[in-house]
Amino acid sequence: MAKKQFKTESKRILDLMVHSIYTHREIFLRELISNASDAIDKLYFRSLTDPSVGMSREDFAIDLTADKDARVLTIRDNGCGMTKEELENNLGVIARSGTLDFKKNNELGDDIDIIGQFGVGFYSAFMVAKKITVESRAFGVDEAWQWESTGEDGYTITPCEKADAGTCITLVLKDNEGEDNYDEYLSEYRISSLVKKYSDYIRYPIRLDMPRSRKKEGTENDWETYTENTVLNSMIPVWRKGKDELEDGEYERFYQEKFHDMEAPLKTIHTKVEGSVTYTALLYIPKKPPFDFYSKEYHKGLQLYTNGVMIMDNCEDLLPDYFGFVKGLVDSADLSLNISREMLQHDRQLKVIAANLQKKIRAELLKMQKEERETYEEFYNSFGLTLKYGVYTGYGQNKQTLQDLLMFHSMKQNKLVTLQEYTDAMPQEQTEIYYACGTSVEQITRLPQLERIADKGYDVLCLTQDVDEFALKMIETFAEKPFRSAADSSLALESDEEKAKVEEKTEAGKEMLSALQEALGDKVDEVKLSSRLKSNPVCLTSEGDLTLDMEKVLNAMPMEQKVKAKRVLEINAEHPIFDTLCAAAGDRDKLAKYAQLLYTQAMLIEGFPVEDPVAYSNLVCELMSQQK
Ligand code: ADP
């Protein structure tokens, strides 16, 4: 019988498994038990509607046996089993794809750690076994099949005998080698503590057959061996346990196993609600976004249980998109077992639960923002973007829910602040909330447009993500204060006296200014003198609703139609450059060159690319040569 080869990716995982470090090995048992439990779930679920299954809840179990002499550990379940094709497809490749991508994308630690934390399902058994045999019979199928592999050189699939549906996995443990002792996985104590640690909540009994000896009845000193069958797990789901029944870190461990996260969650929210709708929710806020979080592959959702039985793995309707990062589950006795995805969408109970959860998550986040600022900042760095998208994509309809959760970098305080904190700290006469956009806080704080605002003692929110300005536009006002871009050409912070001075100079430089504007053609809509600037000679501002930064973001999107903000080139009336320009007033050719120079500089400051770098460079050199 020909050996089949593993798929390439699986081979790599296998190789990692075989060479994994000691401390990670123990997770193999939880992986196999979890598979067994899933398989039972499937058949049990079917039994609820299909009488031909002929089994009730009490009939299902996961059985472990440990044979110390043969060094063999078996894990048997009476779940749905696998057909020949399923054996081939499920065990011939790594199911949890994405694990390796994760490694590539994040370069977090080494491969080995990924195994330790994630587990890679069935394959992890190769960390402890030199040979694995899987005998399986799918429910409703007459034949049974055996899959066998020693890991290195592929696997075989042959027919076998098996009386009932289900799967039996036989592990021949590796030989002990120096420090590496695999016998521990045959010890009753070790097995039962591993089950307690990782699989206690499994809803079917996990039983261990262990040989015991006892005195033969009626004899003094005659011993016999018998097998005692012990149930190792409490079968109580973590979310149904009372506080005093919970072991240290049990919530966190449950999260890491169930949701395959390398790290403990940032926050655990456990809530029990009784009333018109009764439910328990166990929610988690992860520390970091999953590797696919900001991609189409990511599906938000919570697991849905009714009375401890999972009825849906990923119920999307329980979470709004902007809280899509929340992981966890809801258990409610009010939901029907046989409810379909379509029916759920219209389920009144579910809508009530979803609305409650949204309030609860928001309240917990606000509490964290207030009481655990550092943790909140960590959260915000991971998921703030989703909240901002939430404000934007809802056309502002979610702003009441989300605006208090937002934070932006304050130029004055040099840290993240909430909108409330910004407005609370505003000087009395300040009437607007100022913001400026850029690629980084450092770049923004150097923007010439901000000098004046800062001078007045006003704070500026530094927006560094594309969506930021769009989100603020949707919020429109906060505490009755409108948001205003620092690069808005109509921003009027100057005194009457300053205004008069600018007007006077504008009058004097009228011809020169119109020459500049003419030279720039449709590149700018206006060239004007202003007192906005202090030490800097020029800047680019925009007029109207569409700002330069929005233009940048919109034009970066794959759209046919490009947009253009109304550009205003502002020249500092108090800067020596003004005199230089006035001195060249009669020389239109020179003014045209100066116009190009000033415009390009303003564009550079704004972070736009130079249209023609060679021409710009030549122009600078030409003007330098004339200075001789
Ligand atoms: P995962 O459990 O993450 O899908 P595994 O490698 O552990 O990855 O398992 C691959 C697949 O093999 C499972 O999704 C399941 O379909 C099947 N499988 C594994 N163990 C069993 C079992 N005991 N009974 C039935 N099917 C199983």
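The values are calculated or read from the model by the stated rules, or taken from the named source; none is laboratory data. None of the values given here were measured: they were computed from a predicted structure. Counting neighbours? That spans all protein chains shown, and the Cβs are built from the backbone with ideal geometry, glycine included. With ligands, DNA and RNA removed, areas are computed over all heavy atoms of the protein, side chains included. Shrake-Rupley method; radii C 1.70, N 1.55, O 1.52, S 1.80 Å.
General remarks:
- Residue within the stretch 237-244 that is free of Cβ contacts under 8 Å to residues at least 40 places away in the same chain, more than 21 Å from Ser37 (Cβ to Cβ) and open to solvent by 50 Å² or more (accessible area, probe 1.4 Å) present: yes
- Residue tally, condition open to solvent by 10 Å² or more (accessible area, probe 1.4 Å) and in a loop (DSSP other than H, G, I, E, B), over the stretch 302-329: 2
- For the stretch 200-219, the set of residues classified as in a loop (DSSP other than H, G, I, E, B) and surrounded by fewer than 18 Cβ atoms within 10 Å (Cβ to Cβ) consists of Pro205, Lys216, Glu217, Gly218, Thr219, listed by residue number.
- For the stretch 535-555, the set of residues classified as among the hydrophobic types (A, V, I, L, M, F, W, C) and in contact (Cβ under 8 Å) with a residue 24 or more places away in the chain consists of Val538, Cys539, Leu540, Leu548, Met550, Val553, listed by residue number.
- Search result, residues across the stretch 565-616 that are in a helix (DSSP H, G or I), among the aliphatic types (A, V, I, L, M) and surrounded by 13 or more Cβ atoms within 10 Å (Cβ to Cβ): Ile577, Leu581, Leu591, Ala592, Ala595, Leu597, Leu598, Ala602, Met603, Leu604, Ile605
- Restricting the stretch 24-49 to residues that are assigned to a helix (DSSP H, G or I) and hydroxyl-bearing (Ser, Thr, Tyr), the residue that is least open to solvent (accessible area, probe 1.4 Å): Ser37
- Looking across Gln397, Gln420, Gln430, Gln413, one residue alone is open to solvent by less than 20 Å² (accessible area, probe 1.4 Å) and of a type in the set (S, T, N, Q). It is Gln430.
- Some residue of the stretch 70-84 being away from the ligand (no atom under 15 Å from the Cβ), at pLDDT 95 or above, open to solvent by less than 40 Å² (accessible area, probe 1.4 Å) and assigned by TED's automatic domain parsing to the domain that holds Ala163: yes
- Any hit, the stretch 137-154, residues being of a type in the set (Val, Ile, Thr), open to solvent by less than 50 Å² (accessible area, probe 1.4 Å), under 22 Å from Leu64 (Cβ atoms) and within 16 Å of the ligand (Cβ to nearest atom): no
- Pairs, first over 18 Å from Thr158 (Cβ atoms) in the stretch 71-88, second near the ligand (Cβ under 8 Å from one of its atoms) and in a loop (DSSP other than H, G, I, E, B), C-beta under 7 Å, six or more apart: none
- Selected residue (criterion: farthest from the chain's Cα centre (by Cα)) from residues of the stretch 167-216 that are away from the ligand (no atom under 16 Å from the Cβ) and among the hydroxyl-bearing types (Ser, Thr, Tyr): Ser213
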